[in-house]
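None of the figures in this text is laboratory data; all of them are computed from the coordinates on show. What you see is a predicted model, and the numbers here were worked out from it, not measured in a lab. Reconstructed Cβ throughout: ideal geometry from the backbone, glycine too, with neighbour counts over all protein chains shown.
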Amino acid sequence: MSQDHQNPITVSLKDLRDNNVSDSLLVDAFGRESLGIIIVTDLPDHYKQLRARVLQNAAKLAHLAPEKLAKIEVPEAFWLVGWSCGKEKLANGLPDNYKGSYYVNCDFYAEKSGQKPEFTAQDLANCKEYTSNNVFPDDSDIPRFEQDLKDLLTLMIDTAKQVAKNCDRYLTNNKQATGQAAAVNSNNYLENIVKTSNTTKARLLHYYAPPADAAPESDDSWCGEHVDHSCITALTSEYLIQNGNTSNEVTLPASEQHKYGLFIRDRQGSPLRVEIPKDALAFQTGSALEAISGGVFRAIPHYVKAPSSPEIARSTLAVFCQPSLHDKVSVDKDFVTFSREILSKNH
């Protein structure tokens, strides 16, 4: 385990599994004065190759013919299942055309352990962003797209479960001090969310290379500043490609690296670039966890800035581990109400 207050906390997967992460380290990672992010290293050996294949596929997907992309759009789910591009609004109210998203409902993870998510008739009618079936591109277009993506999502959620287990231990040991929501009524509350939630959502992202005549004017040119509404968000490192060559991952010169990519705001409001190693995963706190923990674990504002080079594109994968639809995130609000309030501002 490493601790540097200028950089995210780093822990090994083994330390998480062995409950060898101290309460003080969790507070340093996710607490009120933290950066709100933790890096997990020593992942299974197959992770690096699996990550590369999936993120290469994200770029291939984003450049399929429009008629093929149209087949995997689900408008009735607010474009939060399958393909979405230009449906999300930027802070200036304009559509976000520089980012393509492919969304997956991750209830397959709970089903593997016999926890088949259950939805009411009202859920099926009114919460299609969480109840709609996934749609995948044809294998003839992108071989093994579905299988590789599900394998990587399973690995990421497995790791998120270990992060959640350690957060649960802290919340249990400090229940009176945290003032957390009444919803936290078991010692493994967050771990159960990760294992059994019917709303866990993955987002495979491809940030298109900005046009040569459209140099970024703002810090959040690739993705506007926001906080996630999940409990825990799992993130891969970015995969950069140049001139559309998906098979070759590139690294920008050192002089450019600090100027682009994922930035978080520290508790003083200053931006800090986050470097996620290619063989590691990052986990960020979201606003649902902040609500559930009574503010002990704080959601972190973050954004993505495009590089100055116009031919560089970026792919990454995020998994939002969040409560089931009717789980309480506060005394008077369930998750579906909580998330709808946020989504209505972005779509």
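The charge dipole of the range 1-149, taken about its Cα centre with unit charges on the Cβ of Lys, Arg, Asp and Glu (plus for the first two, minus for the last two), comes to roughly 340 debye. Mean-square fluctuations from a GNM of the chain, with a 10 angstrom spring cutoff on Cα atoms, peak among G31, G261, G269 at G269. FRET efficiency for the D138 to R203 pair, using the beta carbon distance and R₀ = 22 Å, is estimated at 0.55.
The smallest convex shape that holds all Cα atoms of the range 11-66, its convex hull, gives 107 Å³ per residue. Using C-alpha pairs below 8 Å separated by at least 6 residues, the relative contact order for the range 287-347 is 27 percent. The gain in end-to-end length when the H226 to K128 segment is fully stretched comes to 32.9 nm, 0.36 nm per residue minus the alpha carbon separation. Rounded, prolate or oblate: which fits the range 256-295 when a ≥ b ≥ c are the square roots of the eigenvalues of the alpha-carbon gyration tensor, with rounded for a/c under 1.5 and prolate only if a/b beats b/c? Cα axes put the range 256-295 in the oblate bin. About its Cα centre, the dipole of the range 9-346 is roughly 320 debye, where the only charges are +1 on Lys and Arg Cβ and -1 on Asp and Glu Cβ.
Placing unit charges on the Cβ atoms of the charged side chains and taking the dipole of the chain about its Cα centre, the candidate lying farthest along the positive direction among L281, V27, T251 is V27. What is the distance, in nm, between label points placed 7 Å from the Cα along the Cα-to-Cβ direction at K278 and at V331? Placing both labels 7 Å along Cα→Cβ, they lie 5.2 nm apart. Subtracting the Cα-Cα distance of S22 and N187 from 0.36 nm times their residue separation leaves 57.7 nm of extension gain.
The HN-Hα couplings worked out from phi for the range 203-210 by the Karplus form 6.51 cos²θ - 1.76 cosθ + 1.60 (θ = phi - 60°) are 9, 8, 10, 10, 9, 5, 4, x Hz, whole numbers, x standing for Gly and Pro.
Each residue of the range 228-235 is assigned a 3J(HN,Hα), and the resulting list reads 6, 9, 7, 7, 10, 10, 8, 9 Hz, derived from the Karplus form 6.51 cos²θ - 1.76 cosθ + 1.60 (θ = phi - 60°), x at Gly and Pro.
Relative to one another, the C-alpha centroids of the range 256-333 and the range 126-178 are positioned 15 Å apart. Please find the FRET efficiency linking E146 to E311, where r is the Cβ-Cβ separation and R0 is fixed at 25 Å, and quote it to the nearest 0.05. In this case the efficiency is close to 0.25. Scalar couplings 3J(HN,Hα) for the range 95-109, obtained by applying the Karplus form with A = 6.51, B = -1.76, C = 1.60 to θ = phi - 60°, are x, 8, 9, 8, 9, x, 10, 10, 9, 10, 7, 9, 5, 4, 5 Hz; x denotes Gly and Pro. The slack between E256 and A121, meaning 0.36 nm per residue of separation minus the straight C-alpha distance, is 43.4 nm.
Along its three principal directions, the equivalent ellipsoid of the chain from the Cα gyration tensor extends over semi-axes of 29, 24, 20 Å, largest first. If both residues of a DSSP beta bridge must be in the chain, then about 90% of such bridges are antiparallel. Divided by 2.2 N^0.38 Å, where N counts the residues, the Cα radius of gyration of the range 253-334 comes to 1.38.
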